[in-house]
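*Asks:* Starting off with a structure, shown below.
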Amino acid sequence: MTIGPGEIFWERFGHNALRVLDTSTGRDVSYNWGIFDFNQTDFIPRFLKGQMLYSMAGYDTRGMIAAYAQTGRDVVLQELNLTPAERLELRAFVETNALPENRDYFYQYFLDNCSTRVRDVLDLVLDGALSDRFTTEPTGTSYRWHIRRVTEPDPLLYTGMDLLLGRPGDAPISVWEEMFLPVTLRDALRDATRPGPDGRAEPLVLSEEEVVPSSIERAPELPPSWLPWYLLIGVTLGTSMALLGWLGARSRGPRRGAPSRSVWLVALAVGGGAWSLLAGVAGLLLVGVLFTDHTFMYSNANLFLFTPVSLAVAAGVILTVLRSRPPTWWVVQAAWFVAGAALLALLWEALPMRGQTNGIFQAMAVPVHVGLAVALTLLRRPSATA
């Protein structure tokens, strides 16, 4: 059973399950490995450490389909061409897996999730036929490629997940690895074959039926190209901050018909302070994940662009306004350190071993960091204190 994407962020990537129908008893149960509980003990600490506990369980198939139909998510059923022995093996495995002592597992988004668990069970009963076929078959995609594609409807989710995903997310993946997506597993099963009784290849899927149509817009086939928009945001914010610094530096107090110098400083504090606060928090997150099991967030070149030092810049900008004085030397130095690190990211982009696609964040962050550093430098000049 393959379920299409939903509207809640954790439903964006779809879902799947293994349906076991016993025609002799009428027992119809669908087993899925995507169960989690917000009320679970230590849910937040586990989530932050990358040690989330997921579970599997069996549900009445008709009730499960009805639940997804109510939310507008499509449901596709594929009957698999398994031998009687393989069907019994599959049923025994999922029933044993559903026992309380076996049902929990540590969730890893790309490597061990609801879809890879279904994939692995099928590969087990097929004696490795799926892994033999698809492990070496390239896709021309990466985990980041799919993250960007699937999160396209939600720009904030798109930005956040792309920011946190490090260099491992850019490695080319095979069809086997891409089966972390339920739709890819569904499509791969369509193409798969198995030896028949006479030794000839037979389709693995005997029949396929869409039992519930989708009323939710499907994810695009390709990830969006938003680099120009991020660049526009970065250049606009960076230019605005530099302009505010220049206006504040050349102001000599209140003038007739012109804002006082404090107005420019307040505007710079709001914009520069908010940006530096966000950049600093992002930097803390990027450093913090290095001490977790979120391995796909390691080796993240965005640390050049977003560092905890920005928190010091945010505090310095706010203090500058509150004291109505030019920024102290350490604030200017901190701002240029942050800007220099961001400029270093451009150099890193040119190196052959960089291996991370983070151009959108370079386009946004570099102009803003440089613009803020220029603004603080202008305000620090002796002429600005006259």
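*Asks:* Kindly identify the chain as rounded, prolate or oblate by the Cα gyration tensor criterion: order the square roots of the eigenvalues as a ≥ b ≥ c, call it rounded if a/c is under 1.5, otherwise compare a/b with b/c, prolate if a/b is larger, else oblate. Can you show the working numbers first?
*Replies:* Working: a/c = 2.99, a/b = 2.71, b/c = 1.10.
The shape class here is prolate.
*Asks:* Considering the dipole of the stretch 227-385 built from charges on the beta carbon (Lys and Arg +1, Asp and Glu -1) around the Cα centre, which of 272, 300, 244 is farthest to its positive end?
*Replies:* Positive-end residue among those listed: 244.
*Asks:* Still on this structure: Give a residue-ordered list of calculated ³J(HN,Hα) values for the stretch 30-45 (Karplus: 6.51 cos²θ - 1.76 cosθ + 1.60, θ = phi - 60°; whole Hz; x for Gly, Pro).
*Replies:* Ordered by residue, 3J(HN,Hα) equals 10, 9, 9, 10, x, 9, 9, 9, 4, 8, 4, 4, 6, 4, 5, x Hz.
*Asks:* Still on this model: Select from the stretch 164-236 those trypsin sites (Lys or Arg not before Pro) which occupy a DSSP coil region and have at most 12 other Cβ atoms within 10 Å, ordered by residue number. Working shown, then result.
*Replies:* Numbers: sites: 186, 190, 200, 218; in loops: 200, 218.
Passing both the DSSP loop test and the Cβ count: 200, 218.
*Asks:* Mind checking which of 373, 224, 78 is farthest towards the positive end of the chain's charge dipole, using Cβ charges of +1 (Lys, Arg) and -1 (Asp, Glu) about the Cα centre?
*Replies:* 373
*Asks:* State, as an integer percentage, the relative contact order of the chain based on alpha-carbon contacts under 8 Å between residues 6 or more apart.
*Replies:* Details: 632 pairs, mean separation 68.6, N = 386.
Relative contact order comes out at 18 percent.
*Asks:* Could you derive backbone 3J(HN,Hα) for the stretch 131-143 from the dihedral phi with the Karplus parameters 6.51, -1.76 and 1.60 (θ = phi - 60°), listing whole Hz in sequence and x where the residue is Gly or Pro?
*Replies:* My calculation for the stretch 131-143 gives 5, 4, 7, 10, 4, 9, 8, x, 10, x, 10, 9, 4 Hz in order.
*Asks:* Quick check on the stretch 1-157: take the gyration tensor over C-alpha atoms, sort the square-rooted eigenvalues as a ≥ b ≥ c, and tell me if it's rounded (a/c under 1.5), prolate or oblate. Walk me through the intermediate numbers first.
*Replies:* Details: a/c = 1.45, a/b = 1.29, b/c = 1.12.
It is rounded, given that a/c, with a ≥ b ≥ c, falls under 1.5.
*Asks:* How tilted is helix 359-380 with respect to the longest principal axis of the chain? Cα atoms for both, answer in degrees (0 to 90, nearest 10).
*Replies:* With rounding to tens, the tilt is 20 degrees.
*Asks:* Considering every pair of different Cα atoms, what Kirkwood radius, in Å, is found for the stretch 227-385?
*Replies:* 16.1
*Asks:* In degrees between 0 and 90, to the nearest 10, how far off the longest principal axis of the chain does helix 114-125 point, with axes built from Cα atoms?
*Replies:* Taking the Cα atoms of the chain, the angle to 114-125 is about 30 degrees.
Each reported figure results from applying straightforward, stated rules to the coordinates on display, with no laboratory input. None of these values were measured; they are calculated from a predicted model. Every residue, glycine among them, receives a Cβ derived from its backbone with ideal geometry; neighbour counts consider all protein chains shown.
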